[in-house]
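What follows is a set of notes on a single structure, which appears directly below.
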Amino acid sequence: MPFIDIQSNLPATSFSEDFVKKLSSSVAAALGKPEDRMNVVVKPGLLMLIAGSCAPCVMLSVSAIGVTDTADKNKEHSAKIFEFLTRELGLTEDRIVIQFYAMQPHQVGKRGTVMSFL
């Protein structure tokens, strides 16, 4: 059950419902997770700075169980997610930062319990 949080100083008009669905599908494929388990939040129009510049940028957080726990896995995920974001948003790689968080099943609640028991 991955959680994707995208923060950007791009305007809300840059993030259509179609974009959010494509992002969900692309990250699900990159992580090898089913699309129906994806959770996505988009926070546009923020005051942001990356590498000393407030030029258009994106910070993306990926939190997931079992697929973001090694450098080798995250290197593969990163390449696929960067390809999607640069293509869809027209940003260069130096204006995108991705954070990966490894979660444990007991850290995700669903259906009145936690994923450890589902």
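Please determine whether any residue of the stretch 2-25 is of a type in the set (Phe, Trp, Tyr), out of contact with any Leu (no Cβ under 8 Å at 6 or more places or on another chain) and closer than 23 Å to VAL108 by Cβ.
Yes, the stretch 2-25 has at least one match.
Specify the residue that is least open to solvent (accessible area, probe 1.4 Å); the eligible residues are those in the stretch 87-118 that are among the polar types (S, T, N, Q) and in contact with a helix residue (DSSP H, G or I) (Cβ under 9 Å, 6 or more places away or on another chain).
SER116
Within the stretch 36-48, does at least one residue satisfy the condition of being over 12 Å from the mean Cα position of the chain (by Cα), among the basic types (Lys, Arg) and more than 18 Å from PHE3 (Cα to Cα)?
For the stretch 36-48, residues over 12 Å from the mean Cα position of the chain (by Cα), among the basic types (Lys, Arg) and more than 18 Å from PHE3 (Cα to Cα): absent.
Among (1) surrounded by fewer than 16 Cβ atoms within 10 Å (Cβ to Cβ); (2) under 18 Å from PHE19 (Cα atoms), there is one condition PHE84 misses while meeting the rest; what is its number?
(1)
Please name all residue pairs, on different chains or six or more residues apart, with Cβ atoms under 9 Å, provided the first residue is in the stretch 83-105 and is under 13 Å from VAL62 (Cβ atoms) and the second residue is in a loop (DSSP other than H, G, I, E, B) and small (Gly, Ala, Ser).
VAL97/ALA51; ALA102/GLY66; MET103/GLY66
If a residue has to be open to solvent by less than 60 Å² (accessible area, probe 1.4 Å) and without any contact (Cβ under 8 Å) to a residue 12 or more places away in the chain to count, how many in the stretch 67-81 make the cut?
Of the residues in the stretch 67-81, 1 are open to solvent by less than 60 Å² (accessible area, probe 1.4 Å) and without any contact (Cβ under 8 Å) to a residue 12 or more places away in the chain.
Of the residues ASP5, ASP36, which is over 18 Å from GLU83 (Cβ atoms), loosely packed, with under 13 Cβ neighbours inside 10 Å and among the charged types (D, E, K, R)?
ASP36
The values are calculated or read from the model by the stated rules, or taken from the named source; none is laboratory data. Note that the coordinates shown come from a computational prediction; the quantities given were computed from them, not determined experimentally. Virtual Cβ from ideal backbone geometry, glycine too; neighbours counted across all protein chains shown. Areas reflect the complete protein model, heavy atoms only, side chains present, ligands, DNA and RNA absent. Shrake-Rupley method; radii C 1.70, N 1.55, O 1.52, S 1.80 Å.
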